[in-house]
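Below you'll find the structure, written out as structure tokens, and then a few comments.
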There are 4 protein chains.
Amino acid sequence: MSSTYGTLFKISTFGESHGAAIGVIIDGCPAGLEVDTAFIQSELDRRKPGQSRITTQRREKDEFQVLSGIFEGKTEGTPISLVIWNEDQRSKDYSHIAQQFRPSHADYTYQQKYGVRDYRGGGRSSARETAARVAAGALAKLLLKQQGVTVQAYVSQVGRLKLETPYQQLELAKAEENAVRCPDPELAQQMFDYIDETRKQGDSVGGVVSCVVTGVPAGWGEPVFDKLHAELGKSMLSINAVKGFEYGSGFAGTELHGSEHNDQFYVDEGTGRVRTTTNHSGGIQGGISNGEDIYFRVAFKPVATIMQDQDSVDVNGNPVVVSGKGRHDPCVVPRAVPIVEAMAALVLADFYLRNKAAKV
Amino acid sequence: MSSTYGTLFKISTFGESHGAAIGVIIDGCPAGLEVDTAFIQSELDRRKPGQSRITTQRREKDEFQVLSGIFEGKTEGTPISLVIWNEDQRSKDYSHIAQQFRPSHADYTYQQKYGVRDYRGGGRSSARETAARVAAGALAKLLLKQQGVTVQAYVSQVGRLKLETPYQQLELAKAEENAVRCPDPELAQQMFDYIDETRKQGDSVGGVVSCVVTGVPAGWGEPVFDKLHAELGKSMLSINAVKGFEYGSGFAGTELHGSEHNDQFYVDEGTGRVRTTTNHSGGIQGGISNGEDIYFRVAFKPVATIMQDQDSVDVNGNPVVVSGKGRHDPCVVPRAVPIVEAMAALVLADFYLRNKAAKV
Amino acid sequence: MSSTYGTLFKISTFGESHGAAIGVIIDGCPAGLEVDTAFIQSELDRRKPGQSRITTQRREKDEFQVLSGIFEGKTEGTPISLVIWNEDQRSKDYSHIAQQFRPSHADYTYQQKYGVRDYRGGGRSSARETAARVAAGALAKLLLKQQGVTVQAYVSQVGRLKLETPYQQLELAKAEENAVRCPDPELAQQMFDYIDETRKQGDSVGGVVSCVVTGVPAGWGEPVFDKLHAELGKSMLSINAVKGFEYGSGFAGTELHGSEHNDQFYVDEGTGRVRTTTNHSGGIQGGISNGEDIYFRVAFKPVATIMQDQDSVDVNGNPVVVSGKGRHDPCVVPRAVPIVEAMAALVLADFYLRNKAAKV
Amino acid sequence: MSSTYGTLFKISTFGESHGAAIGVIIDGCPAGLEVDTAFIQSELDRRKPGQSRITTQRREKDEFQVLSGIFEGKTEGTPISLVIWNEDQRSKDYSHIAQQFRPSHADYTYQQKYGVRDYRGGGRSSARETAARVAAGALAKLLLKQQGVTVQAYVSQVGRLKLETPYQQLELAKAEENAVRCPDPELAQQMFDYIDETRKQGDSVGGVVSCVVTGVPAGWGEPVFDKLHAELGKSMLSINAVKGFEYGSGFAGTELHGSEHNDQFYVDEGTGRVRTTTNHSGGIQGGISNGEDIYFRVAFKPVATIMQDQDSVDVNGNPVVVSGKGRHDPCVVPRAVPIVEAMAALVLADFYLRNKAAKV
């Protein structure tokens, strides 16, 4: 298992969904950063269950506790340990699946790899682990804010309902005004209804989260293997249920000619800064930020847990029928928005620090 | 810069396109592996320029030399150093761009990050660096072959020409029978013509490479952050010109319901092995291989170098017209096939070794 | 800061001496290991304060809590999080030093490096951090025990009182029968009296901890840079107050000729195993274990906190007199014994896992 | 095997003593550093064989070639690859030991770990590998020079001949004026005679190299595990034949009381800088540099190769007599001086870069 991520701004998460607690150590956050704990909590609140009818009805307050690394309101340069206690465990909900492999969950692969597994609610493979990422990501956001960098994600697709408008023409802040986190209010309502309908059928549905990062100066990202977009891609693909990642022109860009796709440089008269007239590059060239907005899209599959009977096998290889129980999200993307932002912030904070060593 | 990749099977590449040489050190390859050097060369030959009319006409033999790590035909457990000398440098071809930033190349970002750059043919940002990856990947393939694992990639899209047939219904070996590396001969011919037409117009075009990995047993991959698909994604996104990655159902899967998307388990009567009836998971669940085929798709943008005039700026911020010169690929995907395979093999070799430590 | 250690068996510690808690995440412990929690507690008890008159009189129970990674008594392969709450904080004891730099402490260097510091009892630089290492090391010992490996340390010097007897002629288990942890009972009493005398004078004294590891098979250790003894050395030097490390013949071996120092090989008739007639190599050749006992010595300086007035400066550069207060160890080596063992066990567990990937 | 070292200033070495070449990749050297290639060669010359009667008579020019990373005389920020070709291989000299395990060499342990080994002159375990370190270390020295940091080592002991004078009272530059590299000319002559005598007897002898680093500002080093002295210790212990490491007061300091050992702070009137009246700390407190000189000592065993018959076993477990042949150093410390300096420089360069991320 590798639950550590990052080179200089490094996080290590721990915890099973039904163990005592989950949490994270952040090692490498620069000293002297003022820590707005209310902000960290507000980020956790954006991810927590039970926010609306279309998210899981589990009741977890997801309040975090600081165990170390913050002194008199500031980071000390030492490891920052944040813990979130598991309250609403209800292990009984999961006892029926101790011997079964739920389709498209990690039950079977964990069993094969480790020989043992915590069958209670997915254990370590539960998306509950991402709460620790959100807490750490909030700290990364505070560090990035000092550098003028903002990270904002939103839902751009639920099932076949797609927001085709380019992000530049959207008011992204509106995403936080509805339960779906889609910045187009009308489409958001359609998405809400669709998810709610799916929920009533005991089914689930997939979607896409888009993310825009502004304010990154030219120079972040470490070629060859740790290209900025490669690390963004890895970080997104490490989130539960993610099946794909694209940045800038992405898969659609494969259909274009170079003469259409190339971003031409010019000098902005006002600022004297080198800019590009278009941004198919998604703010990254050769793995390094070029000063333009960074944007990317993340594909989430429909969550595996559904309230329907499914054929499967048990640990002894016997056919079984897995019955859906418990409280789960019919669509993961609304709650995935802060997770995507957190992972992006963690990657960017790390590259910000690494870039300090680029030149003599 | 980070030119090192992997945890146990670790590679470090070096070299600029117009320096003395490029190469790679492979550190962590298990001892006692028989090294088929002809196979390594044949993999390099699949990537080398000048293979057909639709690839760059540069003449590089790309012959490799072993500097260390192989003794009496076998790996020693020590670092294996492979060097490929740069022969056909023709630095003059590039002198005109020393002061210019070519659109959508890494010229500007390298300059901003490092303050200096080797302007000859892209220097370190040149795709020539991938030859070192192919050499290392060939070694990884030899290691994987012992484990019964095969890695096969092919071109599934060029511009808007798409191979929609699922890989299971294709004869993948046919991909190597044509210059495009598309396993559908008819479509391959259309793609060839399209690329050739694009070349004549001095333009370039993007495409998609698909990859299938067979024979991986259940258990490879290291959750949480180093999920098998997350590392595959990073490795692919680290290849020049890649804009997106998806595995299994990918972006298309976001439109489905869970009841359609879930892969149900059954026990194969012949082998007694747990299998799935469908494979939307792409052979990976919870970041760990489940024993089914692993498959994924990689999006390549149209290469930035085109034989047309483009507006840009120079290092002093003055407007310039960049004229396309030199010898370049109008479409990168045919030569990207062995690169995609190499990166996949490197990731899998690493996870194979890491998995040895999973259980007591 | 880097509070993470290890490649496959990886630990991350956190916590300040007077924060809420200290603790550790162990990531990479193989799944399926039975966890004897009473043994972990007993190891912590060997390190905890207040064991006798010659150790600090602070009262800390150092009881640990498992937050994750252990399920039904076994490791799950997931990160194991252990927390030890700080009980006896008495922050007032330390308020007088908030503005002062204590001589030979880390006050000044932390202030210079980080710009802020937790002045309460040394904060992160306190040896209290080593409790987390002992907890993690106990787990490593359980893993090593399965492989037949034992790690035993003891006090071999206090001030000028030296145990010159080679370890082979000692009954090492006797070390745990006295407060000093010296296996020679008579010398142990002299050491005790000497430490006690030192304590009464408000002074401190240094010493040496020796360590013997048995049962390591040939093959552990990763040349070139991660030689077994190099990593052992780093791990020991990372313990507070350590000033030196030597293994096998060590510094004394520098005086010998090769003809005296070389360990000749022979085949043991009983086991058929290749052995050496002497063991100046300390069980390690070329950075790799050779199957003989591994042994090494660790030098600890006199602890910096003394109950005497000392000249120093404050954070504003003004001369001050630092008065010794609080409760501290007059000699650190008795309590350092389990810490040395823990670090050795962590290094060996890591190399045990890494060695699984050495050969095809 | 792990032949990679460093976090940001990272080196990867390769090569067997009798393979085609040895070399190193330096990844992470900041861009824009002017590279004095003559200086790099002069450092290699300090390490090369055949410098005097008391070093091995092998003839290797040890000239290096730059394969990448340097453009127009400056580092580019890309991996710098340096290669040294093996010229004087004379493989026949070593054929007699293909089946034998030389006492106190790494023959047996490599065979056990890897199942294969390059028996020609020690292969990868040969000290020839350190030439690559010296080349990389020379680059690190150039980087450190910009920061006002100097690294100077010297021989302070050969066999029982010891230089007891504190380094502050020595003229260290004189070390380079004699073949032994001892700054006391008279003692140097005695050492020379002793080594020469040892050589004539076909024997070898150990010794100690001391090292002094000046100009490091307060703040370098990363607690907890990557303490400055812990990493220095590891780097030194990774050098062939090293058996021990101590810094500051070292093993001798264990005999002192805290009241003698503590370094009291004062403010230097001239510079306003916080200084210490003594320096038992060796310039490092809590793992972080405090601005005083850093100094340490490294113990080298007598080299294992001697020109005498020794009992051993062969790969089949049969008793054999190993006869000393070939050309070897009777005492390694004179040529170890630049190696010690190189490793110290590499560690310091890495911490210099890492420290850039300590504070907001």
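The values are calculated or read from the model by the stated rules, or taken from the named source; none is laboratory data. These numbers were taken from a predicted model, which means no experiment stands behind them. FYI the Cβ positions are ideal-geometry reconstructions off the backbone, even for glycines, and counts take in every protein chain you see. Ligands, DNA and RNA are excluded from the accessible area calculation, which covers all protein heavy atoms including side chains. Shrake-Rupley method; radii C 1.70, N 1.55, O 1.52, S 1.80 Å.
Structure values in brief
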item: Selection status of residue A:53, away from every other protein chain (no Cβ under 13 Å) and within 22 Å of residue C:67 (Cβ to Cβ); result: no
item: Where residue C:334 falls short, out of the listed (1) touching a strand residue (DSSP E or B) at 6+ places or on another chain (Cβ under 7 Å); (2) more than 10 Å from chain D (Cβ to nearest Cβ); (3) surrounded by fewer than 23 Cβ atoms within 10 Å (Cβ to Cβ); (4) not basic (Lys, Arg); result: (3)
item: Neighbours by Cβ (under 7 Å, 6+ apart or cross-chain): first from the stretch D:179-200, within 13 Å of residue D:332 (Cβ to Cβ); second of a type in the set (Phe, Trp, Tyr); result: D:180/D:192; D:181/D:154
item: Selection status of residue D:256, in contact with a strand residue (DSSP E or B) (Cβ under 8 Å, 6 or more places away or on another chain), among the aliphatic types (A, V, I, L, M) and crowded, with 24+ Cβ neighbours inside 10 Å; result: no
item: Selection from the stretch A:261-285 of residues that are out of contact with any helix residue (DSSP H, G or I) (no Cβ under 7 Å at 6 or more places or on another chain), crowded, with 16+ Cβ neighbours inside 10 Å and closer than 17 Å to residue B:305 by Cα; result: A:262, A:263, A:264, A:276, A:279, A:281
item: Of the criteria (1) within 30 Å of residue D:109 (Cβ to Cβ); (2) of a type in the set (A, V, I, L, M); (3) part of a helix (DSSP H, G or I), which one residue D:40 fails; result: (1)
item: Subset of the stretch C:26-41 (residues that are more than 9 Å from chain A (Cβ to nearest Cβ) and in contact with an Asp or Glu (Cβ under 8 Å, 6 or more places away or on another chain)); result: C:41
item: Residues (assigned to a loop (DSSP other than H, G, I, E, B), out of contact with any His (no Cβ under 8 Å at 6 or more places or on another chain) and closer than 17 Å to residue D:120 by Cβ) located in the stretch D:320-334; result: D:324, D:326, D:327, D:328
item: Close pairs (6 angstrom Cβ cut-off, 6 or more residues apart or separate chains): over 19 Å from residue D:253 (Cβ atoms) in the stretch C:157-168, charged (D, E, K, R) and open to solvent by 20 Å² or more (accessible area, probe 1.4 Å) anywhere; result: none
item: Residue match in the stretch C:303-322 (condition: facing chain D (nearest Cβ under 7 Å), touching a Pro at 6+ places or on another chain (Cβ under 8 Å) and among the acidic types (Asp, Glu)); result: yes
item: Odd one out for residue D:138 among (1) over 27 Å from residue D:203 (Cβ atoms); (2) crowded, with 24+ Cβ neighbours inside 10 Å; (3) free of Cβ contacts under 8 Å to residues at least 60 places away in the same chain; result: (3)
item: Selection count, the stretch C:203-221, where residues are open to solvent by 10 Å² or more (accessible area, probe 1.4 Å) and either among the acidic types (Asp, Glu) or more than 24 Å from residue C:149 (Cα to Cα) (or both); result: 1
item: Residues that are in contact with a Ser or Thr (Cβ under 8 Å, 6 or more places away or on another chain), more than 7 Å from chain B (Cβ to nearest Cβ) and not polar (S, T, N, Q), drawn from the stretch A:231-255; result: A:239
item: In the stretch D:57-67, the residues that are open to solvent by less than 10 Å² (accessible area, probe 1.4 Å) and within 14 Å of another protein chain (Cβ to nearest Cβ); result: D:67
item: Which listed residue, of C:117, C:124, is free of Cβ contacts under 8 Å to residues at least 12 places away in the same chain, open to solvent by less than 30 Å² (accessible area, probe 1.4 Å) and basic (Lys, Arg); result: C:117
item: The listed residue being within 14 Å of chain A (Cβ to nearest Cβ) and surrounded by fewer than 16 Cβ atoms within 10 Å (Cβ to Cβ), out of B:186, B:197; result: B:197
item: Residue within the stretch B:231-252 that is touching a Cys at 6+ places or on another chain (Cβ under 9 Å) and assigned to a loop (DSSP other than H, G, I, E, B) present; result: no
item: Residue count, the stretch B:11-20 (criterion: more than 7 Å from chain D (Cβ to nearest Cβ) and either more than 14 Å from residue B:134 (Cα to Cα) or surrounded by fewer than 24 Cβ atoms within 10 Å (Cβ to Cβ) (or both)); result: 2
item: Exclusive hit being more than 7 Å from every other protein chain (Cβ to nearest Cβ) and either modelled with pLDDT under 95 or touching an Asp or Glu at 6+ places or on another chain (Cβ under 8 Å) (or both), set C:287, C:258, C:291; result: C:287
item: Subset of the stretch D:218-230 [within 7 Å of chain C (Cβ to nearest Cβ), part of a loop (DSSP other than H, G, I, E, B) and within 18 Å of residue D:8 (Cβ to Cβ)]; result: D:219, D:223, D:225, D:227
item: Qualifying residue in the stretch B:83-91 (condition: away from chain A (no Cβ under 14 Å) and in a helix (DSSP H, G or I)); result: yes
item: Residue among B:73, B:23, B:77 that is of a type in the set (Gly, Ala, Ser), surrounded by fewer than 24 Cβ atoms within 10 Å (Cβ to Cβ) and either touching a residue at least 24 places away in the same chain (Cβ under 8 Å) or within 14 Å of chain D (Cβ to nearest Cβ) (or both); result: B:73
item: Single residue of the stretch D:26-43 satisfying the filter (aliphatic (A, V, I, L, M) and surrounded by fewer than 24 Cβ atoms within 10 Å (Cβ to Cβ)) that is farthest from the chain's Cα centre (by Cα); result: D:31
item: Residue list for the stretch A:286-319, filter: assigned to a strand (DSSP E or B) and open to solvent by less than 30 Å² (accessible area, probe 1.4 Å); result: A:288, A:289, A:294, A:296, A:298, A:299, A:300, A:310, A:312, A:313, A:314
item: Boolean, residue D:105 is within 14 Å of chain C (Cβ to nearest Cβ), within 22 Å of the chain's Cα centre (by Cα) and open to solvent by 10 Å² or more (accessible area, probe 1.4 Å); result: yes
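Okay, residues lined up against (1) in a strand (DSSP E or B); (2) modelled with pLDDT of 95 or more; (3) of a type in the set (A, V, I, L, M, F, W, C):
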| residue | (1), (2), (3) |
| --- | --- |
| A:164 | no, yes, no |
| A:176 | no, yes, no |
| A:189 | no, yes, no |
| A:193 | no, yes, no |
| A:210 | yes, yes, no |
| A:216 | no, yes, yes |
